[in-house]
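Novice: Before we start, here is the structure in question, set down as C-alpha cells.
Readers should treat all values here as calculations from the given coordinates under stated rules, not as data from a laboratory. Since the model is a prediction, treat every value here as computed from it, not as a measurement. Positions of Cβ are generated from backbone atoms using ideal geometry, with glycine treated the same way; all protein chains shown enter the neighbour counts.
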Amino acid sequence: MPKLSVRRPSLFTCSLLLFLFVLAFSACKKKDPHAEETVVFKPEPISPEDTINYPNALITTLNRKNKWVDSVFRRMTPDERITQLMMIEVFSNQGPEHEEDVKLLIRRYKVGGLIFFQGGPIRQARMTNRLQAVSKIPLWIGMDAENGIGMRMDSAMQYPLPMLLGAINNDSLIYQMGAEMAFEFKRLGMHLNFAPVVDVNNNPKNPIISYRAFGENKDDVSSKSLAQMLGMQDNGIIATAKHFPGHGDTEVDSHYDLPVIPYGRNRLDSLELHPFRHLIQSGVGGIMVGHIHLPKLDSTANLPATLSKPIVTGILKNELRYAGLIFTDAMVMKGVTKYFEPGEAEVMALEAGNDVLERLVNVPKALNAIKAAIRQGRLSQKEIDRRCKKVLAAKYWVGLNKYKPIELDSLYRDLHAPHAHEMLRRLSEGSLTLLQNKRKMIPLEKKKRRKVASLAVGGNKTTFFQKQIKTQLATQDFFLPRKSTKKEQEKLRKELLKYDLLLISIYGPSIRPSNNLGFTPEERALVNELIRKKRSVVVLFDNAYTLNRFEDIHQATALLVGYQQLPAVQAAAARMLMGEIQPQGKLPVTVNANFKYGDGL
C-alpha cells in the first residue's frame, strides 16, 4: 500500500492564495442477521475532474451530473437513499461493544457517514478502516474540530481556538492553520470539518460560543473564517460554517435548552448574516443550522431554526441562494429533544430543507418516521433522491470514489510534523495582546537587587511559563491553587508582599478556556490586593472575558492576554516579557469599560 502523501502549501503560497481570493470576493447490540449477505460495493472510479483549486468548484460538483454518483445511486434501495442522509456519532475510546453497535447501524441501515468524538488517532484510524470495510458505500467521516483534531482526541496537536486567532492581524497564518487541519483530516481518513464558527459573539455572557468565535466584529469574523475555510477546502476538506443564522447573542446553551433570539431581519441582516453571506459567496461547502428559536422569523412555538422551513429554505436557500450542503446541528441536543420527539424531529428537519441529519437519537425510529412522511406526502422520494445524490457528489469531491484504507505507518509522526509546530509558534506570538505597560515595565530589565516572585494563580506546580521565565530572569515560584485554605492564602500574602515585583500568571481549570475561572471570592480578593499593592505584571492564559473576574486587574503595572494556556502561548509570553518579540495582537472583543475591542499596544 503506498503511503498517503498530502502536499503542504508553503506560507508564501498560502498568503498569495488568500490575497487573490480576498480580491476576487469582496459559504442495542445484537448480532446482525444480514451481516453475511452484505456486499461491499466499490464502483470503478472515473477520471476525476479538476474540482478543488477554485472556490466554487465544490458547490458546482454538488449540483451537476456525475457518472460515479449515478452508478452508485442506481444500486441503492429507497431506504438506503434516506439513510445516506444520516451521520451517526462514533467514539474510538468506548471499546468493542460500541464498535459492534456502530457496525450494526452501518450493515443493517447503510448510514451515510460518521462523526468522530473522543479517542486517539491510532485507535480511530484502525476503527475507521474496520468500519469502512463493512460499508456498502464508502462512509464520509466528519469531526467537530474547530481548532484541529486535538480538540477531540489525545496524542494530537493542540491548535488555538478562534478567540486567540481573532487577535491576530495576519490572516494568512489562519489560512495556514486551515491547511494543517486539512492535512490532519486527510491523514486520518476524514473528509468534513464542522468548522469554522462564524457566529459574531457580541454577548459576553454567551455560555456556548464565547471563545469559540473569532470575535465581536462582523468584518473580522468574515475575513478570519474565510481564511480558515479556504485553508481547508483548498486542500480537499469540506468546511462547514456554523451556526446559521447566528448563535453569538444568546445566554442559553443549546446543548441543554432552546435559546431565543428576539431580533428580526434588520438586525440579522446588519450583523449575524454578514459572515454567512461572505462565505457563501466564496464557496463554503457546508452550513450548519443552529438550534436557536427566532420568533420574528418563525413564530411556531419552541421551534429551533433547524426545523424551520422559513429559515432554512426561505432565507438560506431561496434568499441567500445557498446551493451547498445544509447540516442540522446535533439532533441529540436538548434544543431539539426537549420539544420534539425523535423521528418527528428528523422529518421536520428534512421538511425545513436540511440535507444531512447529524447525530441522531435513534436511526431506525428516524427511518420509519421519514418513510411514513413520504407515504403521507409530507416529504417526496424525489426530494430525498436529490439530496442523496448531493451527498454522493460530496463523497466524490473528497475522493471516496477512489477509497483506500488509512496507512497506519508513521501516523503519529505525521500528525506532529515540525512544520505544524512552527505554524503554532507563529500563531501564538502573533496573538499576544499587551493591554497595559505603565512605566514601560515591558520588556523586563534584569536588575541584580530586585526580588521577583512568579505566582501561578490556578497552578499547584511549576508551569511552563514559569520555567521559561526562569531561564532569563531570577525568580522565586509561588502557587495559588483552587480551593486553597484561608491559612494558606494568608501565608502566601505575607510572603509575596516582601517582593519588589510580582509576575502573576492566571490559568483556567483546564487546557480549554473557561467563562468562569473557578476561583473563590477569597482567592480573587488576594489577587486583587497583590495587584493594588505591588508592581505587578499580569499574564492571563485564558478567555479574555475572564479579565472581569478580577475587578482591580486594570491597576496592574503591565497586563498581557494570551487567551489560552497552550505551551506555545506560554513560551511566547515569556519571550515577549523579556523583549525578544514585540506585541502584535488586538482584543477581538470588548471585555469592559477598561478593555475594549481593538485595544492592544
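Novice: Can I get the semi-axes of segment 163-229's equivalent ellipsoid? Compute them from the C-alpha gyration tensor as square roots of 5 times the eigenvalues, in angstrom, largest first.
Specialist: Equivalent ellipsoid semi-axes, largest first: 23, 14, 9 Å.
Novice: Also, I was wondering about something else. Which pairs, out of 242/389; 447/486; 440/486; 205/483; 338/365; 218/317, put more than 29 Å between their alpha-carbon atoms?
Specialist: Violating the 29 Å limit, Cα to Cα: 447/486; 440/486.
Novice: Here's a follow-up. Provide the gained length on full extension for the span residue 425 to residue 533, in nm with one decimal, where the gain is 0.36 nm per separating residue minus the Cα-Cα distance.
Specialist: Difference between extended and current length: 35.4 nm.
Novice: Any idea what log10 I(q)/I(0) is at q = 0.16, 0.17 Å⁻¹ for segment 206-254, Debye with uniform C-alpha scatterers and no solvent?
Specialist: -0.51, -0.57
Novice: So for segment 517-560, considering every pair of alpha-carbon atoms, how many percent are separated by more than 14 Å?
Specialist: The proportion of pairs with Cα distances above 14 Å equals 43 percent.
Novice: Per residue and in cubic angstrom, what volume does the convex hull of the Cα atoms of segment 67-414 have?
Specialist: 124
Novice: Also, quick follow-up: State, in angstrom, two size descriptors of segment 347-419 derived from its alpha carbons: Rg to one decimal place and Dmax to the nearest whole number.
Specialist: Taking only Cα atoms of segment 347-419, I get Rg and Dmax of 18.3, 58 Å.
Novice: How much FRET efficiency would the formula 1/(1 + (r/R0)^6) give for residue 522 and residue 594, where r is the Cβ-Cβ distance and R0 is 30 Å, rounded to 0.05?
Specialist: 0.80
Novice: Next up: Full extension from residue 383 to residue 337: what is 0.36 nm times the residue separation minus their Cα-Cα distance, to one decimal in nm?
Specialist: 14.1 nm
Novice: Cα gyration tensor of segment 385-504, axes a ≥ b ≥ c as square roots of the eigenvalues: rounded (a/c below 1.5), prolate (a/b > b/c) or oblate?
Specialist: prolate
Novice: Hey, which lysines would be in cross-link range of residue 438, C-alpha to C-alpha under 17 Å, not counting anything within fewer than 8 residues on its own chain?
Specialist: 533, 534
Novice: How fast does segment 244-335 diffuse by Stokes-Einstein, in µm²/s, taking the Kirkwood radius from C-alpha pairs at 20 °C and 1.002 mPa s?
Specialist: Value of D from the Cα-based Kirkwood radius: 162 µm²/s.
Novice: Consider just the alpha-carbon atoms of segment 387-426 and return their Rg together with their Dmax, both in angstrom.
Specialist: Taking only Cα atoms of segment 387-426, I get Rg and Dmax of 16.0, 42 Å.
Novice: Give me the number: length gained by fully extending residue 362 to residue 151, i.e. 0.36 nm times residue separation minus the C-alpha to C-alpha distance, one decimal in nm.
Specialist: 73.4 nm
Novice: Apply the Kirkwood formula to segment 432-577: the hydrodynamic radius equals the inverse of the mean of 1/r over all pairs of different alpha-carbon atoms; give it in Å with one decimal.
Specialist: 15.0
Novice: Average the reciprocal distances over every distinct pair of alpha-carbons in the chain, invert the result, and give the Kirkwood radius in Å.
Specialist: 25.3
Novice: I would also like to ask the following. Would you mind calculating the relative contact order of segment 67-414 from Cα pairs under 8 angstrom and at least 6 residues apart, reporting the percent as a whole number?
Specialist: RCO, segment 67-414: 18 percent.
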